[in-house]
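Rule-based calculations on the coordinates, nothing more; no lab input. Keep in mind that this is a model prediction, so the values were computed, not measured. Positions of Cβ are backbone-derived with ideal geometry, glycine not excepted, and every protein chain shown enters the neighbour counts.
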Amino acid sequence: MNSYECRKEGRVAASAEAMCQRCGAGVCADHMRAETQELRQEGKPGLLPPVPGG
């Protein structure tokens with residue numbers, strides 16, 4: 001897989017070293033950036049999350 005960002009800039013596409021979690025695009029070391037992302041929310045006693053579809 002080649003780096004999407006390198007191709008977008010018109011550079012020779014470097015080999016991807018990672019993959020974007022959101023869109024799946026390949027990312028090289030020059031364009032790689034790490035961020036934290038909260039995947040869960042705190043629960044509140046006595047409250048249930050809404051049920052999808054109903």
What is the Rg over Rh value, at two decimals, for the chain, using alpha-carbon atoms and the Kirkwood definition of Rh?
-> 1.31
With a point put 7 Å past each Cα toward its Cβ, work out how far Glu42 is from Ala18 in nm, to one decimal.
-> 2.8
Relative contact order, percent, the chain [alpha-carbon distance under 8 Å, six or more residues apart] | 26
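Under a point-charge model restricted to the Cβ atoms of Lys and Arg (+1) and Asp and Glu (-1), what is the dipole moment magnitude of the chain relative to its Cα centre, in debye to the nearest 20? Don't skip to the end; give the middle numbers.
On the way: 7 positive and 7 negative charges, 31 e Å.
Computed about the Cα centre, the dipole is about 140 debye.
What ranking, highest mean first, results for peptides 5-13, 30-38 when packing means the other Cβ atoms within 10 Å averaged over each residue? Can you show the working numbers first?
Working: 5-13: 13.1, 30-38: 8.7.
Ranked by mean Cβ neighbours within 10 Å, highest first: 5-13, 30-38.
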Pick out, from Val51, Tyr4, Met19, the residue whose Cα sits farthest towards the positive end of the charge dipole of the chain, with +1 on the Cβ of Lys and Arg and -1 on the Cβ of Asp and Glu.
-> Val51
Tell me the label-point distance for the pair Glu35, Asn2, using the 7 Å Cα-to-Cβ offset, in nm and rounded to one decimal.
-> 2.6
